[in-house]
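Read the figures in this text as sums done on the coordinates, not as results from a lab. What you see is a predicted model; the values in this text were computed from it and never measured. Quick reminder, even Gly has a Cβ in these numbers, built from the backbone with ideal geometry, and neighbours come from all protein chains shown.
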Amino acid sequence: MLDPAPDGDVVNGEPTFRHHLLQIAVCERVSKVPPNAQEDDHVFKMSSAEECWPFSGHDTPYQITATAFATEPGIEFLDERQAGGEDASAAMLSFMSIDPSFYKIYEALEQAGWKSDPKTLEAALRKLNYGIPAQDEFCLLVSWLGRCKLIHGLAQQQYPPASRTDYQVPDFFAVFNTAAGPVPVLIEVKAKMGTKLSWRPNYYEPLQRYGEILGLPVLVAWKETRGGMWSLVDISMFAKARQNYNLSFNTAMQNSLMSMLAGDFMIEFAPGFGIHLHYRKVSEDDSGFHCVVEEAYFLGADGTRFSSLKGGLWPFFLTLDAASEIEETETHIHQSFTVREKCGAQFAHRGFPALFATRKGKRWRSLLEEHQFSIRPQDLQDAAREAFEYSATSKLMRLIPHHIPPHLEKAAIINSQE
């Protein structure tokens, strides 16, 4: 049977069949030193339907004046001259018993400039279930792809403050499984719309030095937010301009390690493959025809007819921009949505949100915490190979970077031999 589309009815009056990926609300962390305040013109990105509160251990892209959320922790409790005697001891015990996780909320509120309005806070916390920061989205994505054995956040305050001049702590420490063994890396995550990342020297160089002093490669995970495309590149791919260090989208995609390191892949649907819907007209009024669906089926590029797509290929197909055609008779309407030439390829990471868009409530944070996936990358690959037989799919691809960083050269050699 055909599963329902994640975002509503398949049939509409538009001439094209555009099923955009579910836009995960994105909050981007940037350190106290903005990489380029002139270009990052949004504090955080939001989907059209839902907002996302920037809940992270890092600062937001601009220097935001902090507004105290409540009494500074510990001042009132620890001052015996104010509380006095047994009351002070009880207050001290109460203070020490506070769950440390609450201080993360306190720090986030300070950084974001929230006031102590409980209703505002409650509404913001509820919205956390419907959108996740780019850092969490990347964690979820590489965990799903399967080659990441560990990804651990380094989102903690950096002391002494003067250390930021020399060192910038990245977002994550991660370990990836490769054919040559485990590869430990540091990862800085960015979500930015446009064709270029531009970082000031006082952001780029401390980040690079942090990796050098630990003897670990620093990678940059960049989500181009308009297209939802992720790249993962070595920090050495940035080029020094007159003042800033720049990374173009073209360079990022040409040298992306998403396939080699994280296990990303691409599925290409065969040109001419599509879904066909056959309606019978029931009545007509000023708004148009009222119809019932008599038939719904898939048709392979070679004319093979079948009724289902397995292993997540159906929602994956919905991410494509397929061409729509309509044929009408006196009694019936036939509508088809078919893959156009050179428009049928999709990255696994880009189709990932569509695979789980039908989750009740679309609570992305709960998916991150539960870490239970109904569709695995291997399921998609197996289904794509099976779909070769009836001309629904034509290729499975992994991308090899133009430039392979030294820390991955051994793994690249073994992969090529296999």
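Are any of the pairs Lys281/Lys310; Lys190/Lys240; Lys196/Lys240; Lys310/Lys395; Lys196/Lys342 more than 21 Å apart by Cα-Cα distance, and if so, which?
Violating the 21 Å Cα-Cα cut-off are Lys281/Lys310; Lys196/Lys342.
Near His278, within a Cβ-to-Cβ distance under 9 Å, what is the net charge of the other residues, with Lys and Arg +1 and Asp and Glu -1?
Within the 9 Å Cβ shell, the charges total -1.
Ser366 to His402: extension gain in nm, 0.36 nm per residue of separation minus the Cα-Cα distance?
Values: separation 36, 0.36 × 36 = 12.96 nm, distance 3.70 nm.
Taking Ser366 through His402 to full extension adds about 9.3 nm, to one decimal.
In square nanometres and to one decimal, what's the mean projected area of the convex hull around the Cα atoms of segment 200-341?
Orientation-averaged projected area of the Cα hull: 14.2 nm².
Applying 1/(1 + (r/R0)^6) with R0 = 45 Å to the Cβ-Cβ distance of Arg242 and Gln158, what FRET efficiency is obtained, to the nearest 0.05?
Working from the Cβ atoms, E equals 0.95.
If you split all Cα-Cα distances of segment 134-264 into 5 Å bins from zero, what percentages do you get per bin, shortest first?
Pair shares across the bins are 2, 10, 21, 24, 21, 14, 6, 2, 0.
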